[in-house]
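Here is the structure we will look at.
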Amino acid sequence: MRVHNGPAAEVISVVLLLAVLAFAVVRPKGLPEAVAAVPAAGIVLLAGLASPAAVWARVLQLLPTVAFLAAILVLAHLVDSEGVFDWLGSRLAVAARGNSHRLLVLTFAAAAGTTAVLSLDATVVLLTPVVFATASTLRVRAKPHVYACTHLANSASTLLPVSNLTNLLAFGATGLSFLAFSGLMVLPWLVSIAVELGVFWWFFAADLGGVGVAEPAGPARKTPVFALVVLAAVLVGFGVTSLVGLAPVWVAAAGALVLAVRGIRAKRVKVRAVVVEAAPLFLLFVLGLAVVVQAVAAGGLGRVLAAIVPGSPGLVGLLAAAGIAALLANVVNNLPAVLVLLPALGAHPAPGIVLAVLLGVNLGPNLSYVGSLATLLWRRILAGKGMVPTLREFVRLGALTVPVSLVAGVVALWVGLLVAGSTR
């Protein structure tokens, strides 16, 4: 098949990408994102906007990542069925003792940990309702705490290769092991979270005033020991298996299998629910979107990015790479952004540049609704609770947190690279 290049092909590719993203944002009549992404991918192939060989290579490259996403989504659902998030909510309520400031710090810690281990989707879908209910139980204003869930779902997803789909997509390009990746990202992770907490403390000062109920009503939740042990084993397994070259999907799948067998035997979980929670249609959306992005990257955008993204991991280069990535994420969403940026970095990019790009596409989406699909999902969850965030407030908070946390995170990454001797 002949591949068509030129301005017309580039325009069609960009229009297809924007149409797929617009559909994913609006989801008319609740239709799944794949309804737009799969036909768009078909148009890319039929119109010759990308070669079948290049598309097939991209799909094969993504399959392990997509499989991991399915496994981690199932694992998060099964952990929730074991009562982990209800237990966590009760622990937050008891530890906060009716103090909104204390609850905010605890929510930051819970959201950061959940995002790092179970990915940002678990924080948005499972932790947000728990935090909302906890704030209601304590009779304190929920707004700062639920905002923390969406911000930490993005900004706390930089720690591990498994914390975000963007990390998984870029992990191979870093050339780092699981532990080396996490070692370089731990300081930026801590610094960016600390900066966000400081901004939240100031921005929501009026909402954090006052004292709620010190002793929440109701019996204490039983500690879900088995599920917590499985989670700990999965986290350790991610690090250990990376040393022998085993993909993280096998660890996540093993953890999910253990909890699934236990849940099915206890009649707490149905097989059909496990399949549904694997989100097969969303996985098709990811693959379809990747095909469309392949056409965009092959056109003018890919060439422009290859020309402007720096290759040197000095401080200026890291800041520029992160800034470009953050801007692109807020224009076309963070998932397409990383898919377009990776080819632009070249065959053997400096690990520091790839990590700076990840800081950009993970921290940057807190600036707008379209930057991350998780943020859009968060909005729907709050709407179901009767608490619809305003665009003005969301953007104001993002404008205060994103630039300073991104710069602080990049500087921390630069320091880590200096210490590790990876600045070349």
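The values are calculated or read from the model by the stated rules, or taken from the named source; none is laboratory data. Quantities reported herein were computed from a predicted structural model and do not represent experimental measurements. Heads up, the Cβs are rebuilt from the backbone with ideal geometry, glycines too, and the neighbour counts pull from every protein chain shown. These area figures cover heavy atoms from the full protein model, side chains too; ligands, DNA and RNA do not enter into them. Shrake-Rupley method; radii C 1.70, N 1.55, O 1.52, S 1.80 Å.
Multiply the residue separation of ALA8 and ASP86 by 0.36 nm, subtract the distance between their alpha-carbon atoms, and state the gained length in nm to one decimal. That works out to 22.8 nm of additional length. Once Cα extents along the principal axes in Å is worked out from the coordinates, which option in [x] 68, 49, 45; [y] 62, 55, 44; [z] 64, 57, 40 does it equal? Computed from these coordinates, Cα extents along the principal axes in Å corresponds to label [x]. Its relative contact order, with pairs defined as Cα atoms under 8 Å and 6+ residues apart, puts the chain at 24 percent.
For GLU393, neighbours were defined as the other residues whose beta-carbon sits under 15 Å from its Cβ, and their charges (Lys and Arg +1, Asp and Glu -1) total +4. Based on alpha carbons, the Rg and Dmax found for the range 312-399 are 14.8, 49 Å. Taking the convex hull of the alpha carbon positions in the range 103-262 and averaging its projected area over all directions gives 10.3 nm².
Packing around the peptides 90-101, 287-298, 385-396, taken as the average count of other Cβ atoms within 10 Å per residue, puts them in this order, highest first: 287-298, 90-101, 385-396. This model, with +1 at the C-beta of Lys and Arg and -1 at the C-beta of Asp and Glu, gives the range 17-138 a dipole about its Cα centre of some 220 debye. How high is the FRET efficiency from ALA233 to VAL15, r the C-beta distance, R0 41 Å, rounded to 0.05? Here the calculated transfer efficiency is 0.30.
Projecting the Cα atoms of ALA153, GLY175, VAL357 onto the dipole axis of the chain, where Lys and Arg carry +1 and Asp and Glu carry -1 at the beta carbon, places ALA153 farthest toward the positive end. Note that the chain presents 41 Å² accessible area per residue, ligands and nucleic acids not counted, probe 1.4 Å.
With the highest mean first, a sort of the peptides 176-185, 146-155, 244-253 on other beta-carbon atoms found within 10 angstrom per residue produces 146-155, 176-185, 244-253. Size of the range 1-83: Rg and Dmax of its alpha carbons, in Å, are 16.6, 55. Calculate the tail of P(r) for the range 230-325: the fraction of all Cα-Cα distances greater than 24 Å, expressed in %. Here the long-distance tail beyond 24 Å is 57 percent of all Cα pairs in the range 230-325. Dipole magnitude for the chain: computed about the Cα centre from +1 point charges on Lys and Arg Cβ and -1 point charges on Asp and Glu Cβ, it is near 800 debye. A full extension of the chain between LEU46 and ARG265 corresponds to an added length of 74.1 nm, given 0.36 nm per residue minus the alpha carbon distance. Among the listed pairs LYS29/LYS267; LYS267/LYS385; LYS222/LYS270, those with a Cα-Cα distance over 27 Å are LYS29/LYS267; LYS267/LYS385. The simple spin-label model puts a point 7 Å past each Cα toward its Cβ; for LEU31 and ARG102 those points are separated by 5.1 nm.
Only helical runs count toward this figure. For the chain, summing -39,500 (n - 2.57) over DSSP H runs of n ≥ 4 and dividing by all residues gives -24500 deg cm²/dmol at 222 nm.
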